[in-house]
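Student: Dropping a structure here in structure tokens format, bear with me for questions.
The numbers here are math on the coordinates, done by the rules we state, and not lab data. Note that this is a predicted model, so its numbers are computed, not measured. Cβ coordinates were reconstructed from backbone atoms using ideal geometry, including for glycine residues, and neighbour counts include every protein chain displayed.
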Amino acid sequence: MADAPVKLLRCHLPGVGPAWGVVDGADVSVIAADTGTGGAFLASLLQLPNPARALRTGHAAGRLAWLPLDALLAAPPDDARAHLLAPLDRQEVWAAGVTYERSRVARMDETQGAERFYDLVYDAERPELFFKATPSRVAGPNAPVRIRADATWNVPEPEVAVLFSPRLEVVGYTIGNDMSSRDIEGQNPLYLPQAKVYRECCALGPVIWLDDDPPEHRALKITLMIERRGAVAFAGETSTASMKRRFAELGRWLARDNVFASGVFLLTGTGLVPPNDFTLQAGDVVRITVPEIGTLGNPVVQQRG
């Protein structure tokens with residue numbers, strides 16, 4: 001019988017602070033706290049040749065607590081109770097663009113006179129890679145994601161986020177939401193950082209599925225549902241099977257003249273884009289599901305000046 005998948009998560013424990021746990025059936029075994037690891041548990045785990053095997057065979061710290069998984073998944077951020085955090089500590093988040101045909105079409109639709117840039121990059125040898133977020137800009141499950149106050153056309157981008165080791169080897173996967181301001185990006189490709197990088201511009205979670213024997217690529221179904229005032233405002237699905245580029249290929253490009261001593265997350269692009277007449281509103285709830293990983297849900301906020 002094959003070993004059960006190892007699923008790692010990060011949570012807040014009252015009186016303890018940030019901690020790491022492993023899913024064990026219906027419960028979570030909390031195995032390490034930032035107070036005992038210097039806030040570098042995942043960064044240290046990624047130094048090992050096979051993090052999944054290391055956790056499975058007990059190479060992690062001793063158990064600190066047991067928590068019910070369902071309660072943890074449902075808990076909103078509140079320092080007085082246990083709740084999930086984004087599953088990263090010292091890792092940067094990067095992103096790949098135009099890795100699906102649907103993304104290529106959407107980028108061409110939103111641009112003003114620069115359509116050919118995105119048409120060319122889809123077929124080019126070199127992919128589009130860009131910096132997305134520092135850990136402080138990443139929201140965890142049930143925490144808010146943000147739409148910019150100076151943007152009028154905003155969408156979530158549901159993606160598989162691949163976790164790479166410092167050796168730029170695939171280690172695992174989680175769910176990512178690459179929030180994007182399409183009107184800002186569409187005005188000029190040079191505005192991409194402003195459309196993509198700001199506070200609460202990204203969400204990750206709920207768990208990292210650690211892969212014992214990662215292939216070049218995995219076909220993972222992704223579904224998106226956006227709720228507005230209790231009703232479904234948009235829903236759709238896609239699969240990483242339709243990506244033009246493979247996970248490992250993107251990692252090899254990311255590794256060129258780059259060093260990630262603590263590992264790195266790479267958002268691998270989106271094949272699911274709402275129609276051009278849709279924009280997120282404050283109060284919406286974005287839910288992204290990958291069956292092997294779970295559901296990442298986040299409310300949307302916007303601060304008006």
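Student: Give me the one-decimal Kirkwood hydrodynamic radius in Å for the stretch 145-221, with the sum taken over alpha-carbon pairs.
Tutor: For the stretch 145-221, the Kirkwood estimate is 14.0 Å.
Student: Just to confirm a number: summing +1 for Lys and Arg and -1 for Asp and Glu over residues other than Gly251 whose beta-carbon lies under 11 angstrom from that of Gly251, what do you get?
Tutor: Residues close to Gly251 contribute a combined charge of +2.
Student: Pairs of alpha-carbon atoms within less than 8 angstrom and 6+ residues apart define the contacts here; what relative contact order does the stretch 92-301 have, in percent?
Tutor: The normalised contact order for the stretch 92-301 reaches 31 percent.
Student: Sort 177-184, 288-295 by packing, meaning the average of other beta carbons within 10 Å per residue, with the highest value first.
Tutor: Per-residue Cβ counts within 10 Å, averaged per peptide and sorted highest first, yield 177-184, 288-295.
Student: I would also like to ask the following. Sorted by average packing, counted as other Cβ atoms within 10 angstrom per residue and highest first, what order do 7-18, 220-231 take?
Tutor: Listed from highest to lowest mean packing, they are 7-18, 220-231.
Student: May I pose another question? Report the net charge of residues surrounding Arg199, where surrounding means a beta-carbon distance below 10 angstrom and charges are Lys +1, Arg +1, Asp -1, Glu -1.
Tutor: Overall, the nearby charge balance is +2.
Student: Suppose we look only past 14 Å in the calculated P(r) of the stretch 13-61. What percent of the Cα-Cα pairs does that tail hold?
Tutor: 52 percent
Student: If you don't mind, another one. So how much slack lies between Glu169 and Ala282, counting 0.36 nm per residue of separation and subtracting their Cα-Cα distance, in nm?
Tutor: Once the chain is fully extended between Glu169 and Ala282, it gains 36.9 nm.
Student: If you count, for each residue, the other Cβ atoms within 10 Å and average over each peptide, how do 89-101, 133-145, 28-40 line up from highest to lowest?
Tutor: 89-101, 133-145, 28-40
Student: Who wins for biggest fluctuation among Thr152, Thr268, Thr240 in a Gaussian network model of the chain, springs between alpha carbons below 10 Å?
Tutor: Comparing Thr152, Thr268, Thr240 in a Gaussian network model of the chain, the most mobile one is Thr152.
Student: For the stretch 1-44 and the stretch 145-224, write down the distance between their C-alpha centroids in whole Å.
Tutor: 22 Å
Student: Also, quick follow-up: Let me check I've understood the local charge: for Gly263, count other residues with C-beta under 11 angstrom from its C-beta, Lys and Arg +1, Asp and Glu -1. What total comes out?
Tutor: -1
Student: Taking a quarter of the surface of the Cα convex hull of the stretch 172-305, what do you get in nm²?
Tutor: 10.0 nm²
Student: Hey, can you grab everything whose amide H is under 5 Å from the amide H of Asp24? Only 5+ residues off in sequence or another chain; H modelled, so Pro and N-termini drop out.
Tutor: Counting only residues 5 or more places away or on other chains, the set is Ser29.
Student: Quick check on the chain: of the DSSP beta bridges with both residues there, what percent are antiparallel, nearest 5%?
Tutor: Roughly 90 percent of the beta bridges in the chain run antiparallel, per DSSP.
Student: Please compute, for the alpha-carbon atoms of the stretch 1-88, the extent along each of the three principal axes and give them in descending order in Å.
Tutor: Sorted largest first, the three principal extents are 37, 31, 20 Å.
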